[in-house]
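Just dropping this structure here.
The values are calculated or read from the model by the stated rules, or taken from the named source; none is laboratory data. Since we're looking at a predicted model, the values are computed, not measured. Here the Cβ is made from the backbone with ideal geometry for all residues, glycine too, and neighbour counts use every protein chain on show. Accessible surface areas use protein heavy atoms only, side chains included; no ligands, DNA or RNA. Shrake-Rupley method; radii C 1.70, N 1.55, O 1.52, S 1.80 Å.
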Amino acid sequence: MAETELVKITIDDKQIEVPKGMNLVEAAASTGTFIPHYCYHPDLSIAGNCRMCQIEIEGRPKLEIACNTMVQDGMVIRTHHTSKLVEDAQAATLEFILINHPLDCTVCDQSGHCKLQDYHYKYNAQPSRFEEDKVNKVKAQPLGPHVILDGERCIMCTRCIRFCDEVAETSELGMLNRGDKSVITVGEGQQLDNPLSGSVVDLCPVGALTHRDWRFNSRIWYTRETESICTGCSTGCNVKVAVRDNQVVQVKARYNEFVNKEWMCDEGRYGFHRFIPENRLLSPVLKGSQCSIEQALAEAKKLSAQNLYIFISPDLTLEEMTLVKKFIDSKFSEATPVVAYRKRELSELEAKLISPNFAANIMGAEAAGLVNGNAQQNYEDALAALRSGKAESVLFIGERSLFAEDRTDELLASVSKVGLSIGILADADSSLVRALSVVFPERVIAEKSGLMINQIKRLQYLDRLLDFPVGTESAWRILDRISAELGAKLTAAKNDRDFTLEFFASHENFQHTTIQDVKGQGIALDGSGETDSDKREVYSPFLTALGKY
Amino acid sequence: MSEHLQILLKDIKEPDLHTLEGYEKRGGYQTIRKVLQMDPLKVIEEVKASGLRGRGGAGFPTGLKWSFVPRDTGKPVYLLMNSDESEPGTFKDRVLLEKNPHLCIEGMLIAAWALQSNWSCNYIRGEYAYPYERFNNAVKEAYEKGYLGDGVFGSSFKHDMVTHRGAGAYICGEETGLIESLEGKKGQPRLKPPYPAVVGVYGCPTVVNNTETLATLPWIMQHGGSEYAAIGTEKSTGTKLFSASGHINKPGVYEVELGYPILDFIKNECGGILDGKELKCIIPGGSSVPVLKADELEGVNLDYESIQAAGSMLGSGGFIVMDETTDMVEVALNLAHFYAHESCGQCTPCREGGHWIEKIFKRIAFGQGTERDMDLIKDLCKQIGGHTICPFGDALITPALSCMKKYPDEFKIKIERALNGNPVKATDLHYTF
């Protein structure tokens, strides 16, 4: 990183040095002083309209807004901690915002994670002096297929407008009317239906914008929020998922400066359920009928390496990929491993955030050494081998190891003709289940934890969101049991967490890494974006296989 | 009236002045020919020497404003004439646009030469349909004569001028609001810094000047800056248009030398108070400046410093006179209603606070006020003033605060009547909106 010039400023009598050109919200944050704000967002332009971040600067006649004031050498700043003026101005701003707010917290989805509530308790906490009639605005107005507006709750911070103007560059949203009748609206004849539209709900600091899918679903305090990553594509957007009674209540983008800022695509957000089949496979299946795990394993033991095709789901975790590689190396080195992979065409707008690799961990597969040459070509070749009857046995690891569009009757007929066909699958209704000799019930991605490598080579942690149904096992565990039957136990781990730790311990580069390191913002394997240049040295040997995508 | 030097209103009553022929017949478009031979920087020096201050309200020295424009950015410099005259009580620019549009065009050309700007725009208030038509016709005439376009007056200087009509928002008179509106966006002021002199229309350096300011330039360049500086007082040089309205016998637009006593202005130009009533108070510079009571007017002159010393501002010269029958609660309510209606809705204190204040005034006026209402308004005003993106917040609170400060009894009487069970009836009010 290039050295930037530092300037000395004083915030609340504390002297600090910050890089030139930084705004005061960020500068204060670097000393641990939080300046409250609504309209300011680090990745959007400065609007300066909420007036929440006012601060006092010595020598200036008026209060200034911190978000639009850049640090200057020798600046002396007072925040609400030391300035009565600022404290009063912030309390007044909150009083102003709340006079026309419906105060319907009791039925509001945002309640409990609402900036208006939080700030009011912290910076005002006074009863309102407003005795007049409130202004009525639009309620429950659909802005598009995914987002619904409550005009009365809106505080006109214009984050959503700026998101559509600057990030999505689709400009569907605008402000209508003047004064206290101002309201956010879509352009005439338009809809807020860009591929990133759900992000405006995350950006909304209050409950004005809500997800159509999840309105009135649950109070947030009844949910458990887990920080994980989206596995829709290889971008690996950081998410925070709220779960109640083992049901996803809401998916929020989680800020990651390097990966997704605070944006997320609608497909990933609302399509979360596509990885969770409605009807789950709960016990092993032997030739179309349920059986015990022992019976299934006894059948699976007959697997031979000759003309064996191993289809691997690109959604497996890095540890699982490594285990698959071990599995192949121990007994089946003649087998052909194939990662299900097909590049997708994206529109210009989708390409801003979505990766053409609709394969969450294709980089992990690459790193584990499961991809030889062109992944897509390999996949097509393997499908051809199935059709031609060249494959003598086949192993499907993961529900997505064979894409839904490839499960044609013709292909499934060829699969059923293969001598021994084993699947580790999740969907009981899938036609594939009936075509295979042995099927093991696997856990879906939301029920697993582990490591993923995204397309910019960032190692991220996938956390378990949902409880798994009894009878299912992680793919790695089933594979290990099959291998153990054949006399080669591959891992001593008992659960996903142990498995991850074992992975760290067994790789020299990760000796000092903990799960905590990978959580949060993840680790850049190629050292990009990190200030600690040592990391580049540590992880680079691991990366030799990466770089084609 | 006749004893005042008439710079802007000279020949204003001639019926053909608005035509190019009529304007040239009276010596028009001679100064610009001379100016085009001058060094642009010399023009700026001359305007600085004249001491001309912006006539739109803020009174910022014009020459100084021009000198902030960076000249080596490689970007075009844009000149905007601010004819979005929307301040209640102000209607001086309208006279110029309607009766003497070519004077405005000549002034714009002089400023354009000084700034080396090849494109200028006159932003005219949406409601000014007739002035728009007159000005637009004048621009057409000038184009036909070759006074605008490629090679102005046969020189190599190229200058294009367009006329743009606003859509009826007060806030578009604020220079950055005007720029936003001109760019086709919602008229909402921008955050400053950066200032328009550096980042203006489409990110290019831009100068926004009031119509009257620019219309003064031909005289200054003809007679020299020092001669202009000799008129008026030391710091408030030249003449200024005042649009007098209210309870007076002769409402209208008058040009007087700055430094002219206010009481003389009311007596001579305005023709005294209507129906021989007593003067109660005036608003000297458009609705957003504090009111001055009759007893505060003794010895106060119409110039920037004197009015400021008396506790108000010269502003845009919207001179509103009120007689003894005026109900100050209704004045406060009327103005609060205007500002609440015109708030652009961008930043919180003005968007919410403006309406709140209006609602409280309305309550007081309708006899439903309570004792703490006045303190509440004062407190709200304190939190709006200086806490907004543009000066609208200050404009909003000034009439409210000054009416309450200068006539507290009128408010108290209404509140007390309400508390004693004898409220004002709605039919007692002149209030209609």
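From B:Leu335, B:Leu263, B:Leu302, B:Leu292, which residue is open to solvent by 40 Å² or more (accessible area, probe 1.4 Å), away from chain A (no Cβ under 14 Å) and not β-branched (Val, Ile, Thr)?
The conditions single out B:Leu263.
Continuing with this model, one more query. Return the only residue of A:Asp73, A:Asp109 being surrounded by fewer than 18 Cβ atoms within 10 Å (Cβ to Cβ) and of a type in the set (Asp, Glu).
A:Asp73
Only one of these conditions is not met by A:Ala140: (1) within 13 Å of chain B (Cβ to nearest Cβ); (2) without any contact (Cβ under 8 Å) to a residue 12 or more places away in the chain; (3) within 20 Å of A:Cys114 (Cα to Cα). Which number is it?
Unmet condition: (1).
Can I ask one more? For residues in segment B:347-360 being of a type outside the set (A, V, I, L, M) and touching a Cys at 6+ places or on another chain (Cβ under 9 Å), which is farthest from the other protein chains (Cβ to nearest Cβ)?
Once the filter is applied, the top-ranked residue is B:Cys350.
Let me ask something additional. Given the criteria without any contact (Cβ under 8 Å) to a residue 60 or more places away in the chain, in contact with a helix residue (DSSP H, G or I) (Cβ under 6 Å, 6 or more places away or on another chain) and facing chain A (nearest Cβ under 10 Å), does B:Gly369 qualify?
Considered against the rule, which asks whether it is without any contact (Cβ under 8 Å) to a residue 60 or more places away in the chain, in contact with a helix residue (DSSP H, G or I) (Cβ under 6 Å, 6 or more places away or on another chain) and facing chain A (nearest Cβ under 10 Å), B:Gly369 comes out as no.
Name the residue that is farthest from A:Gly471 (Cα to Cα), counting only residues in segment A:408-419 that are open to solvent by 20 Å² or more (accessible area, probe 1.4 Å) and outside any helix (DSSP H, G or I).
Selected residue: A:Thr408.
Within segment B:111-126, count every residue that is open to solvent by less than 10 Å² (accessible area, probe 1.4 Å) and assigned to a strand (DSSP E or B).
Going through segment B:111-126 one residue at a time, the tally reaches 5.
Where residues in segment B:158-191 are free of Cβ contacts under 8 Å to residues at least 40 places away in the same chain and within 13 Å of chain A (Cβ to nearest Cβ), which of them is nearest to B:Met81 (Cα to Cα)?
My answer is B:Glu180.
Also, quick follow-up: From B:Ile384, B:Ile397, B:Ile389, grab the single residue that is open to solvent by 10 Å² or more (accessible area, probe 1.4 Å), within 9 Å of chain A (Cβ to nearest Cβ), out of contact with any strand residue (DSSP E or B) (no Cβ under 6 Å at 6 or more places or on another chain) and under 24 Å from B:Glu175 (Cα atoms).
Result: B:Ile389 is the single residue among B:Ile384, B:Ile397, B:Ile389 that is open to solvent by 10 Å² or more (accessible area, probe 1.4 Å), within 9 Å of chain A (Cβ to nearest Cβ), out of contact with any strand residue (DSSP E or B) (no Cβ under 6 Å at 6 or more places or on another chain) and under 24 Å from B:Glu175 (Cα atoms).
Also: Could you tell me which residue of segment A:172-191 is most open to solvent (accessible area, probe 1.4 Å), considering only residues that are of a type outside the set (A, V, I, L, M, F, W, C) and away from every other protein chain (no Cβ under 11 Å)?
For segment A:172-191, the residue satisfying everything is A:Glu188.
Let me ask something else. Return the total of residues in segment A:76-93 being in contact (Cβ under 8 Å) with a residue 24 or more places away in the chain, open to solvent by 30 Å² or more (accessible area, probe 1.4 Å) and within 14 Å of chain B (Cβ to nearest Cβ).
So the answer is 2.
Matching residues to (1) modelled with pLDDT of 95 or more; (2) in contact with a Leu (Cβ under 8 Å, 6 or more places away or on another chain); (3) more than 9 Å from chain B (Cβ to nearest Cβ); (4) closer than 21 Å to A:Met52 by Cβ:
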residue	(1), (2), (3), (4)
A:Glu95	yes, no, no, yes
A:Leu103	no, no, yes, yes
A:Asp109	no, no, yes, no
A:Lys122	no, no, yes, yes
A:Ala125	no, no, yes, yes
A:Ser128	no, yes, yes, yes
A:Asp133	no, no, no, no
A:Arg162	yes, yes, yes, yes
A:Thr170	no, yes, yes, no
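Still on this model: Just to be sure I understand, how many residues within segment A:485-506 are surrounded by 14 or more Cβ atoms within 10 Å (Cβ to Cβ) and closer than 22 Å to A:Ile293 by Cα?
Within segment A:485-506, residues that are surrounded by 14 or more Cβ atoms within 10 Å (Cβ to Cβ) and closer than 22 Å to A:Ile293 by Cα number 8.
Let me ask something additional. Just one of A:Glu348, A:Glu334, A:Glu257 is surrounded by fewer than 20 Cβ atoms within 10 Å (Cβ to Cβ), charged (D, E, K, R) and under 20 Å from the mean Cα position of the chain (by Cα); which is it?
None of the others qualify; the one that does is A:Glu257.
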